[in-house]
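Okay, structure first, notes after.
The values are calculated or read from the model by the stated rules, or taken from the named source; none is laboratory data. Quick caveat, the model's predicted, so the values are computed rather than measured. No Cβ is skipped: glycine too gets one built from the backbone with ideal geometry, and neighbour counts run over all protein chains shown. Accessible surface is based on the protein model in full, side chains and every heavy atom, while ligands, DNA and RNA are left aside. Shrake-Rupley method; radii C 1.70, N 1.55, O 1.52, S 1.80 Å.
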Number of protein chains: 2
Amino acid sequence: MTLIVDTTSENSASGHSESRADGNYGGGRPVAPTVSDLLAELVAEGLLSEPDSTRARLLTCAAGLFEQKGFARTTVRDIAAGVGILSGSIFHHFSSKEEILRCAMEEVTLHARALMAAAVAASDTPREQLRACIRCELEAIHGEAVPGFSILVLEWRSLSSESQARVLRLRDSYEEIWRKVFAALDGPLDDPALSRRLIQGAIAHTHNWFKPEGRALSLEKLSDRILAVFAPA
Amino acid sequence: MTLIVDTTSENSASGHSESRADGNYGGGRPVAPTVSDLLAELVAEGLLSEPDSTRARLLTCAAGLFEQKGFARTTVRDIAAGVGILSGSIFHHFSSKEEILRCAMEEVTLHARALMAAAVAASDTPREQLRACIRCELEAIHGEAVPGFSILVLEWRSLSSESQARVLRLRDSYEEIWRKVFAALDGPLDDPALSRRLIQGAIAHTHNWFKPEGRALSLEKLSDRILAVFAPA
DNA sequence: GAAGCTACCAAGCACGTGCTTGGTTCGCAA
DNA sequence: TTGCGAACCAAGCACGTGCTTGGTAGCTTC
């Protein structure tokens, strides 16, 4: 089961214990790229910014600020100050504030997609794959895996319709993973598309109430609860 | 069941078929107030603006604009123009733009609460009551019953923390209805609070994808689907 | 070592925005 | 008639904001 990312990456001979993105275990066949490989490849393709570059730091900082204060209440001066440059210099890297938001959303999407693809590949049964998806999306929102992930939901309306369309194409490749998992899942889910939308809303809304630290309910348990609701054993 | 309400009618001796808000049927005991009565009472208490007053029109118009364009992208000039006055005149009614948002949220909450209370009272079994709640919240988002309801979700972050706290108190009285319904529901829902939060997210998210007009999936069917997921028969 | 490019600075412009201020109209009550 | 307050107008102030412009340090390349 290969997922989304077409991969020209030839070998992954590095051989550490990262989970691989096609679930191809056993047998002598070539293994799939790891998460690091996937991300590195995206960088090589120019889809993701070079890590530690000013551009990447701007996007990460901006995503964090947008998530925290909202797009409208975040100024380009805030973003610039966050990475230690002046506000005017931002426009050497981006042509407008909105482009910053769009690019941040795109990078965040690619990042989350890579993580989820790998997690799904590392799971055996369809139900475990669904659990992995839920877990990944929750982790993206609440963990440190994909900082700024929430802007995809929170600031969607701050994007022009053209930008929305662009991000949507990437977003669709993320949703494609969910679709395949649902398709493989036989059971009571007679309408996978609807289920996905309900799950998506339920998960996104956790942003408003779930506090991972010091709560009785862990992120792990929350995943299981959501799985139990949408795919009863 | 009539919904949108102006009503000077103090008692409901007119005897139409509005549902009543305490489920008190049979016997000769005093009947509960109708939706109209509930709203009229709120007006009398000063919690809701006098219908057709400039203040009420400003709030309705503002709620609509906030829902459509977002709080930050809506100007006080937009709102004023919507009701046919000049921007400066707004500040005779409200002390700040944020107060407009807060008041709009409060009125919307009270409105939705009245509708849901009546709908729950008109339902017999706990499961039917849950269905009514789901239906009401969906109707508030997509129908014309409570125009601007979505701002409660969409523009929550545009409110200062003090304003959030004020709205939250009202919001809690709305959630109280859900809580009671869940409490009466015996079954597989071992964690009602969690279930409510998941449902809330799922329903709120429909704002992003559900289009009532001309779709195969009606609002009625959507309610049933959500009920089936969260409270399997 | 000249040329050229990238990344950034320093300063500020243009404009939209929330809100203020002083004044006017009009209904209502004594 | 007079007084008064609610509702609104007309004009504009103050300021934050996105973005522009002209310039410079430093690195690379031939």
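Things to note:
- Principal semi-axes of the equivalent ellipsoid, √(5λ) from the alpha carbon gyration tensor of region B:35-230, are 31, 18, 16 Å from largest down.
- Ordered from highest to lowest accessible area with the whole protein assembly present and a 1.4 Å probe, A:SER95, B:SER173 read as A:SER95, B:SER173.
- Peptide-level mean, for A:198-211, of C-beta atoms on other protein chains within 10 Å: 6
- Here region B:35-230 exposes an accessible surface that is 51 percent carbon and sulfur, computed with a 1.4 Å probe and the other protein chains kept in place.
- Cα shape, region B:156-210, gyration tensor, a/c 1.5 rule: oblate
- Among B:CYS136, A:CYS133, the sequence by solvent-accessible area, most first, with a 1.4 Å probe is B:CYS136, A:CYS133.
- Region A:140-233 - percent relative contact order, Cα under 8 Å, separation 6 or more: 30
- Shortest-first nm distances, A:ALA165 label point to equivalent points in other copies (7 Å, Cα→Cβ): 4.7
- All-pairs Cα distance distribution in region B:131-187, expressed in whole percent, bin size 5 Å: 4, 16, 21, 22, 19, 12, 4, 1
- Gain upon complete extension [A:ASP78, A:LYS211; 0.36 nm per residue less C-alpha separation]: 45.3 nm
- Taking all protein chains into account, the per residue accessible area for region B:81-141 stands at 36 Å² (1.4 Å probe).
- One chain, two ends: B:ASP52 and B:SER160. Fully extended at 0.36 nm per residue, the span grows by 36.1 nm beyond their Cα-Cα distance.
- 3J(HN,Hα) from dihedral phi, region B:178-186, Karplus parametrisation 6.51/-1.76/1.60, rounded to Hz, x for glycine, proline: 4, 4, 4, 5, 5, 5, 6, 8, 8
- The solvent-accessible area of B:ASP52, taken with every protein chain present and a 1.4 Å probe, is close to 130 Å².
- Relative contact order computed over region A:35-230 (Cα-Cα under 8 Å; 6+ residues apart), in percent: 22
- For A:ALA233 and A:GLU45, a Förster radius of 30 Å and the Cβ-Cβ distance give a FRET efficiency of 0.15, rounded to the nearest 0.05.
- Working from label points 7 Å from Cα in the Cα-to-Cβ sense, the B:ALA193 to B:SER96 distance is 3.1 nm.
- What separates the Cα centres of region B:123-169 and region A:121-198 is a distance of 25 Å.
- Where A:ARG55, B:ARG196 fall by accessible area, highest first, once all protein chains stay in place (1.4 Å): A:ARG55, B:ARG196
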